[in-house]
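The values are calculated or read from the model by the stated rules, or taken from the named source; none is laboratory data. Remember, predicted model here, so these are calculated numbers, not experimental data. Don't worry about glycine lacking a Cβ; one is built from the backbone with ideal geometry, like all the others, and counts go over all protein chains shown. Note: accessible area is taken over every heavy atom of the protein model, side chains too, but ligands, DNA and RNA are not part of it. Shrake-Rupley method; radii C 1.70, N 1.55, O 1.52, S 1.80 Å.
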Number of protein chains: 4
Amino acid sequence: MTDAAETAPTRRRTSIGGRRNPESAAAILDAAAAILAENGLGGFSIEAVARRAGAGKPTIYRWWPNKAALLIDVYARQKETVLQADTGSLQGDLEDVLSRLFDFWRHTPAGAAFRSIIAEAQSDPEALERLRAFLIERRAYVREIVERGIARGDLPADADGAAIVEMLFGFAWMRLLTGDLGAAEDIPRRVHLILKGAA
Amino acid sequence: MTDAAETAPTRRRTSIGGRRNPESAAAILDAAAAILAENGLGGFSIEAVARRAGAGKPTIYRWWPNKAALLIDVYARQKETVLQADTGSLQGDLEDVLSRLFDFWRHTPAGAAFRSIIAEAQSDPEALERLRAFLIERRAYVREIVERGIARGDLPADADGAAIVEMLFGFAWMRLLTGDLGAAEDIPRRVHLILKGAA
Amino acid sequence: MTDAAETAPTRRRTSIGGRRNPESAAAILDAAAAILAENGLGGFSIEAVARRAGAGKPTIYRWWPNKAALLIDVYARQKETVLQADTGSLQGDLEDVLSRLFDFWRHTPAGAAFRSIIAEAQSDPEALERLRAFLIERRAYVREIVERGIARGDLPADADGAAIVEMLFGFAWMRLLTGDLGAAEDIPRRVHLILKGAA
Amino acid sequence: MTDAAETAPTRRRTSIGGRRNPESAAAILDAAAAILAENGLGGFSIEAVARRAGAGKPTIYRWWPNKAALLIDVYARQKETVLQADTGSLQGDLEDVLSRLFDFWRHTPAGAAFRSIIAEAQSDPEALERLRAFLIERRAYVREIVERGIARGDLPADADGAAIVEMLFGFAWMRLLTGDLGAAEDIPRRVHLILKGAA
DNA sequence: GCGTAAACGAGACGGTACGTCGCGTCTTAGG
DNA sequence: CCTAAGACGCGACGTACCGTCTCGTTTACGC
């Protein structure tokens, strides 16, 4: 069971001329996701990814400056899933967002990837900056949902949207980082707690 | 506090018989804390700690099975500060706890240590278990404050104490992990959000 | 099968007052010999000897300044076997000495011990000095046999006894050091070669 | 010869592509020889060699599986000196071979290297095997000289060449291992003893 | 006959070296 | 100019022994 052979079994991948080979990029991201899913951050190294992808280390370093960047790409590659949600009520929308997020983290390599990104950010300032930027973007998305709820009248006009979003993300992170994604059933209560507080 | 050992290592530390030498343990924890404070988790390695402490690596491994255990001890060593709080109201008590916690994380090596512990736990299952155990204990402490508030009548008897505590810790972790401990001024609003939601 | 229990099964060994405990010395030498016989020089360490002997390391260091000294004692402890030989002819006497020596090296821990002593002497000048001293003594013994042969008329009076002895020992060492003690059957031819040369 | 690398390490050595860098190999062997010459086997460690060679330990382990292999290469690297010898008589040829060998061992790091190889072989079975193989080859070379002497009529046709060679090597080893290479003046007598015995 | 001295086991101490792994950089040979 | 390959210097990993130290205990000897 040579891992490298999984995605590109028959032929050896090589240069396609003076530009990036998308097959290589894909193989690298696939390999990275697979390693994360199987062995977690512990077994994740550039060497291991290169080995499994059948790629040269310099090829990885050419396109991703460091481990964090690669992890972020692994994460970003699968995030389409989480997007939309409109259930008619803010409570429902937020429940939906969090449920999807928990599922996404639990059932794809994304969870392991995101845990790794956070971990990496604790020792690498640049990775922290990337994480913060990413977080701002993600929060903005949920913020919109909250604002929509305010517009809809689910919350008073002066409700603190930023606080709501921050508390919910804090809750989600805590669950992710402590390996507690399983207990998704108290998402509704938590959302309710926050929304009632903001009312 | 590590200065004494650094500038005036008057005599060589050695065994004091067939049992643990507390001086060595102290020197190691001091060195670990100092490295964490100065270089962050990136520069933190058992080798570096041993070097700075003037200790042998095996001495460290004898007493701390891995990096995570050492980090937890570094953290635990300074936590007395956070304890007390009784301001008369639950809002005040929780504000006080969080403010002290933020200060503690910001102004001692404990913040860097705790960030490192969380990061480490993302790749080391055993470290994760230690972290969860630690977290349970810490939450229980804040939980007591909440229960006291309930007894006092600040919250209805059926208020969900666990949820309150979890949301507050989630908030604190988020701030710690994203390097946002500075903005402690919105602690009161966050506490208020939660308490109002629980009322 | 706790090794320490072999020689002193029931009771724990301890001090017998302000002087050397012969039981300890014996246990240490036994353990050293056993380790050498079973694992060779590779597995031989002061720690291992102490462990197996149920002795403290300082007890070993108190009586043997270094590994070489201990090895020499292990060797010396068993050498009585090799001694006497008087077959009536010099050829016979020397054959007898060499055969006994080969057997001694092959069938007791002494062979491993002596190989270890020689090895040790290549990195430790003091051990080399001890080895040379030991060698002088052993050669003198064989030298006597040769002189007896000269007196008996087996060799001319001007025969170079030192050379004879040195060549025979060189032969024996070579066999020992290359693990070739098995082929003892050509001892007679080698002795004959030398004696004929000296005639 | 190692000076160039030590005092003028003008530029950093690095990879030259996916194949062995001969400069690194040379630097490592130089460093090993120098350490052996200066500090003997006692100061010889892979770490020390790497340090002195300005090489990484893995680079050494990549090409030499263990200490013994490296020592053998150090030895082999300098052995061209010993080869030739044709003085017209077997006595002269053998004297020449032994004298050259003694000089070689005394005046180059080869002596220390070979002592170390023998020592290493006493604890490492694989090293012993390498040593035996090497020995067979070296003996074959001297054996040829002896056969040439037999062909020339210096010895009877039924002379035991193997015995002659073994006794001479045994003598040389003994001198090497006991630090007695100085007294080279009795080489002729020893050779004569053997040849007369074989006549 | 009792205190002292020395040896005992145990095991911690500061170290050095082990052999392995991953880092990020470099150079090749070949599309 | 990109690709797979893989060597390079570096440095941390966790382990094994080194030789030294101090402990608390156990005798025997000498005052």
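Between chain A and chain B, the total buried accessible area stands at approximately 3200 Å², from heavy atoms with a 1.4 Å probe. Taking C:I16, C:I117, C:I145 in turn, the Gaussian network model of chain C (Cα-Cα springs below 10 Å) assigns the largest fluctuation to C:I16. Extending 7 Å from Cα along the Cβ direction at D:I16 and again at A:H107 yields two label points whose distance is 5.7 nm. Note on the protein assembly as shown: Cα Rg divided by 2.2 N^0.38 Å, N the number of residues, gives 1.38. With a cut-off of 9 Å between beta carbons, the residues surrounding A:K67 carry a summed charge of -2, where Lys and Arg count +1 and Asp and Glu -1.
Other chains near B:186-194: what is the mean number of their Cβ atoms within 10 Å of each residue's Cβ?
4
Values of log10 I(q)/I(0) for chain B across q = 0.12 Å⁻¹ run -0.67, by the Debye formula with one identical scatterer at each alpha carbon and no solvent. Each label was represented as a point 7 Å from its Cα along the Cα-to-Cβ direction; for C:A140 and D:E38 these points are 4.1 nm apart. Comparing A:L90, A:L135, A:L181 in a Gaussian network model of chain A (Cα springs below 10 Å), the most mobile by mean-square fluctuation is A:L135. With 30 Å as the limit, the listed pairs B:K79/C:K57; A:K57/D:K57; A:K196/B:K79; C:K67/C:K196 have B:K79/C:K57; A:K196/B:K79; C:K67/C:K196 beyond it between alpha carbons.
Summing Lys, Arg as +1 and Asp, Glu as -1, what charge do residues with Cβ under 12 Å from the Cβ of D:A183 carry, D:A183 excluded? Value of the local net charge: 0. Normalised per residue, the accessible area of the stretch B:138-199 is 37 Å², obtained with a 1.4 Å probe and no contribution from ligands, DNA or RNA.
In this structure, C:A162 and C:A26 have a Cβ-Cβ separation that, at R0 = 45 Å, corresponds to a calculated FRET efficiency of about 0.75. Peptide D:119-129 shows a mean partner chain C-beta count of 5 within 10 Å per residue C-beta. Would you please state which residues of the stretch C:47-78 a label at C:E129 would reach in this model, taking the label point 7 Å out along Cα→Cβ and a backbone N cut-off of under 17 Å? In the stretch C:47-78, the label zone of C:E129 (backbone N under 17 Å from the point 7 Å along Cα→Cβ) covers C:64-70, C:72. An oblate overall shape is assigned to the stretch C:91-143, the ratio a/c of its alpha-carbon gyration tensor axes (a ≥ b ≥ c) being 1.5 or greater and a/b not exceeding b/c. Alpha carbon centre of the stretch B:28-95 versus the stretch C:43-101: separation in Å? One Cα centre to the other: 53 Å.
Return the single residue from D:A119, D:A50, D:A163 with maximal mean-square fluctuation; model: Gaussian network over chain D, springs between Cα atoms under 10 Å. Answer for the Gaussian network model of chain D: D:A163.
Seen from A:E137, the other residues with C-beta closer than 14 Å to its C-beta sum to a net charge of +4, counting Lys and Arg as +1 and Asp and Glu as -1. Take each residue in A:166-176, count the other chain C-beta atoms within 10 Å of its C-beta, and the mean is 6.
Taking the accessible area of chain A, probe 1.4 Å, and keeping the other protein chains in place, the carbon and sulfur fraction comes to 52%.
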